[in-house]
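This report concerns only the one structure given below.
The values are calculated or read from the model by the stated rules, or taken from the named source; none is laboratory data. None of these values were measured; they are calculated from a predicted model. Don't worry about glycine lacking a Cβ; one is built from the backbone with ideal geometry, like all the others, and counts go over all protein chains shown. Surface areas here come from the heavy atoms of the whole protein model, side chains and all, with no ligands, DNA or RNA. Shrake-Rupley method; radii C 1.70, N 1.55, O 1.52, S 1.80 Å.
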Amino acid sequence: MTSIITGDIINSKSSEPKKWLDALKEVLNQYGRQPKQWDVFRGDSFQLETAPEDALKAAVLIKSSIKQFKNIDVRIAIGIGEKTYTSDKITESNGTAFINSGECFDDLKKTTLAIKSPFKQFDLQTNIMFELALLTINSWTTTSAKLIKTALENPELTQVELANHFETTQSNISKGLKRGGFDEISKLLNYYNAQVKTL
């Protein structure tokens, strides 16, 4: 089994592409190489292949990268399934993971993060959790998004070290992490990871 993330930038025309595109590519590069494991197409759409247990963290990192820029957001669909055909380009590969990702993406209406797998009960529970998490994620400021991204990418950093990095106080970091729901998002990532391994 593999997972395919399909996404696109919301309001991409209202922001300078160079800024958010570099931030997006920086995250995608953590998971593989272009164009076999990821690619950007149609200007503001992208696809990424990851291990199923890494998919949610990749999605949250993409969210936190894009929300560093004002007035834009990102829609993300995670599809889990098989990969039955591998091409040199991810956009030309195929299998149920790709189909699930595409169908999930087409079904994104009011929400900006969802998952579709061969397991309906897993999807039902996980999508409810995603919707609850989005109540916090959707209200991230540009500052919150930067802080959450840095904390997720560097779990070894203490709040004091984060404060030094952002040239602020430990107290501000503590408040920022709390406001951004860092502990709850970390728990969701751990829970998701454990559940995926049982599929």
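List of remarks:
- Long-range neighbours under 7 Å by Cβ, at least six apart or interchain, first residue farther than 21 Å from residue 77 by Cβ within region 7-19, second surrounded by 14 or more Cβ atoms within 10 Å (Cβ to Cβ): 14/72; 15/69; 15/72; 19/69
- Residues satisfying the stated conditions in region 102-113, i.e. without any contact (Cβ under 8 Å) to a residue 60 or more places away in the chain and surrounded by 13 or more Cβ atoms within 10 Å (Cβ to Cβ): 103, 108, 111, 113
- When region 155-170 is filtered for residues that are among the hydroxyl-bearing types (Ser, Thr, Tyr) and touching a helix residue (DSSP H, G or I) at 6+ places or on another chain (Cβ under 8 Å), only 169 remains.
- Flag if residue 34 is in contact with a Leu (Cβ under 9 Å, 6 or more places away or on another chain), without any contact (Cβ under 8 Å) to a residue 12 or more places away in the chain and not charged (D, E, K, R): yes
- Whichever residue in region 71-86 is assigned to a loop (DSSP other than H, G, I, E, B) and farther than 17 Å from residue 102 by Cα and, among such residues, is most open to solvent (accessible area, probe 1.4 Å): 71
- Restricting 5, 10, 66, 99 to those that are β-branched (Val, Ile, Thr), open to solvent by 10 Å² or more (accessible area, probe 1.4 Å), out of contact with any Pro (no Cβ under 6 Å at 6 or more places or on another chain) and within 22 Å of residue 140 (Cβ to Cβ) reduces the list to 10.
- Only one of 199, 124 that is under 23 Å from residue 79 (Cα atoms), surrounded by fewer than 18 Cβ atoms within 10 Å (Cβ to Cβ) and at pLDDT 95 or above: 124
- Taking the criterion of being over 21 Å from residue 98 (Cα atoms) and of a type in the set (Gly, Ala, Ser), the residues of region 9-41 that qualify are 12, 14, 15, 23.
- Where a residue in region 147-160 is more than 14 Å from residue 30 (Cβ to Cβ) and its partner, wherever it lies, is polar (S, T, N, Q) and open to solvent by 60 Å² or more (accessible area, probe 1.4 Å), with Cβ under 6 Å and at least six apart: 159/170; 160/170
- Some residue of region 47-70 being part of a loop (DSSP other than H, G, I, E, B), more than 25 Å from residue 131 (Cα to Cα) and out of contact with any strand residue (DSSP E or B) (no Cβ under 9 Å at 6 or more places or on another chain): no
- Long-range neighbours under 8 Å by Cβ, at least six apart or interchain, first residue assigned to a helix (DSSP H, G or I) within region 118-142, second open to solvent by 70 Å² or more (accessible area, probe 1.4 Å): 129/191; 133/184; 136/184; 142/70
- Residue within region 18-41 that is open to solvent by 50 Å² or more (accessible area, probe 1.4 Å), part of a loop (DSSP other than H, G, I, E, B) and among the charged types (D, E, K, R) present: yes
- Output for region 129-164, where each listed residue is over 26 Å from residue 74 (Cα atoms), open to solvent by 40 Å² or more (accessible area, probe 1.4 Å) and not acidic (Asp, Glu): 157, 158, 159, 160, 164
- Screening residue 101 on (1) modelled with pLDDT under 95; (2) touching a strand residue (DSSP E or B) at 6+ places or on another chain (Cβ under 7 Å); (3) hydroxyl-bearing (Ser, Thr, Tyr) shows it passes everything except condition (1).
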